[in-house]
Amino acid sequence: MTYRMALSTIGKRESPLWQIIEHLQRRGSATIKELEELLGVTTTAVRQHLNTLQAEGYIERRSVHAGVGRPYHAYFTTAKVQELFACHCDDLALTLLEEVFHLEGEARTSELLDRVGTRLAGKYASAVRGSLLRERVDELARALNGNGILADALFADSEVIALRTYNCPFHELAQEHREICEMDRGMLEKVLGSDVHLSQCMLEGHAGCTFIVQRNGGKYGANGHGAVV
């Protein structure tokens with residue numbers, strides 16, 4: 001199936017199929033009952049949507065054993081779902097990056113990726129205007145979602161601030177060159193104006209990438225605003 005055909009099957013982001021995909025990406029799994037509540041439709045309608053997504057290979061049904069009691073069935077996304085979020089320029093980008101490594105060496109390539117990260121940071125700078133770090137992380141999460149990157153701002157307690165993403169537009173490229181992950185982390189630092197640490201990565205088998213944002217308040221974001229705690 002081509003990307004264009006995949007989009008015609010899934011529909012717009014507001015469609016029930018997209019809502020199911022995004023919910024599973026964020027939550028990891030869901031039962032039919034949970035999806036009924038999410039969509040506000042009947043069991044029959046949910047099953048029809050799930051059958052479509054299963055037929056295209058984007059989701060799968062598994063039996064879940066949770067402590068005492070009978071196992072139940074839940075739905076999970078497959079690796080193929082990353083195709084829906086990819087920028088679809090990976091072949092060209094990978095070839096270009098390989099040539100840069102060959103011609104310029106690792107140091108120059110890292111410098112180039114840092115410059116790319118700076119340009120990406122500028123793309124999000126206008127959407128991140130808050131003076132408080134929590135505000136900035138929340139604003140950035142909303143901006144990422146607006147650009148097709150599923151993201152949540154997480155505030156576990158008064159000390160920990162994190163940004164979690166559930167898909168990667170450079171997934172295939174990052175599989176070949178983990179320097180892309182470093183570029184992404186650096187981009188977040190530039191936007192937020194604070195140190196950022198990648199604590200979990202989907203390339204290592206996690207459901208998403210978790211970036212821990214440090215409360216240092218001493219840097220400035222891409223728009224010139226300081227990240228004040």
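Every number here is computed from the coordinates shown, using simple stated rules; none is lab data. Owing to the predicted nature of the structure, the values given are computational and were not obtained by experimental measurement. Glycine also receives a Cβ, built like all others from the backbone with ideal geometry; neighbour counts cover every protein chain displayed.
Here are some notes:
- Most tightly packed first, judged by the mean number of other beta-carbon atoms within 10 Å of their residues, the peptides 174-187, 197-210, 97-110 read 174-187, 197-210, 97-110.
- Residues Lys190, Lys33 arranged by fewest to most Cβ contacts within 10 Å: Lys33, Lys190
- For segment 121-132, Karplus couplings with θ = phi - 60° (6.51, -1.76, 1.60), whole Hz, Gly/Pro x: 4, x, 5, 9, 4, 5, 8, 10, 10, x, 8, 8
- Lys/Arg +1, Asp/Glu -1 at C-beta; segment 90-213 dipole; positive extreme among Met187, Leu140, Leu120: Leu140
- Segment 169-212 versus segment 30-72: alpha-carbon centroid distance in Å: 30 Å
- Per-residue HN-Hα couplings for segment 48-57 [Karplus 6.51, -1.76, 1.60; θ = phi - 60°; Hz; x = Gly/Pro]: 5, 5, 5, 4, 4, 5, 5, 4, 8, x
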